[in-house]
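The structure under discussion appears below in the form of structure tokens.
The values are calculated or read from the model by the stated rules, or taken from the named source; none is laboratory data. Source: prediction; values computed, not measured. Here the Cβ is made from the backbone with ideal geometry for all residues, glycine too, and neighbour counts use every protein chain on show. Heavy atoms of the whole protein, side chains included, go into the accessibility calculation; ligands, DNA and RNA do not. Shrake-Rupley method; radii C 1.70, N 1.55, O 1.52, S 1.80 Å.
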Amino acid sequence: MVARVSNQMMLDTIQGDLRRTNQQFFEAQRRASTGKRVVDPSDDPTAKQTLMVNRDQQQSLETFDRNTSAARTKFRAAESALGEATNVVQRARELAVKAASDTNTASDREAIQGEAKQLMDQLVQVANQRVNGKSLFAGTATNGPAVQVTETPNGNFQFNYPGN
């Protein structure tokens with residue numbers, strides 16, 4: 001059986017080819033203008049799914065990077081504060097040894113007491129250090145100070161740790 005190709009069939013075929021070519025042209029133009037191969041999920045569902053997974057992973061990595069940076073900052077501040085606290089405690093130890101000597105006069109002991117008070121204030125200041133507006137050593141209770149000091153009526157000091 002011989003099929004006859006009519007003019008209408010040829011015209012329909014040419015029109016279909018022109019539509020496809022025109023659609024491909026517009027698709028290429030859209031890709032060129034946006035710089036993206038996949039804009040809508042219908043463009044390439046598999047590629048769009050891969051892009052969505054990659055975007056989620058990228059967001060997770062960016063969050064991880066921010067958290068790591070914040071932890072690094074907090075760690076460095078804590079390390080510095082603990083180094084300073086070590087120096088203060090070492091000086092307090094030296095003062096205690098010096099104060100234990102029987103050769104000290106009353107004015108020597110007053111001077112030692114004054115320096116010891118300054119060291120205590122410095123140590124409390126180190127303990128209440130803040131990083132990015134949050135208390136460094138108060139556990140999860142970061143809004144307030146880590147250590148509160150009150151002087152009792154008899155001249156002693158009372159330390160309170162409101163952190164957790």
*Round to a whole number: what % of the accessible area of segment 72-153 belongs to carbon and sulfur, probe 1.4 Å?*
53 percent
*asked:* Compute the helix-to-body angle for 106-127: its Cα long axis versus the longest principal axis of the chain, expressed 0 to 90° and rounded to tens.
replied: 10 degrees
*asked:* Could you tell me the calculated FRET efficiency between ASN104 and GLU151, based on Cβ-Cβ distance and R0 = 22 angstrom, to the nearest 0.05?
replied: 0.40
*Go through (1) 109; (2) 145; (3) 190 and flag the label whose value is the computed volume of the Cα convex hull per residue in Å³ for this structure.*
(3)
*When ligands, DNA and RNA are left out and all protein chains stay put, how many square angstrom of accessible area per residue does segment 59-117 have with a 1.4 Å probe?*
76 Å²
*asked:* From the helices alone, meaning DSSP H stretches of at least four residues, give me the mean residue ellipticity at 222 nm for the chain, per-run term -39500 (n - 2.57), in deg cm²/dmol to the nearest 500.
replied: -23500 deg cm²/dmol
*Quick one: if you stick a label point 7 Å off each Cα along the C-beta vector at SER6 and ARG30, how many nm between them?*
3.5 nm
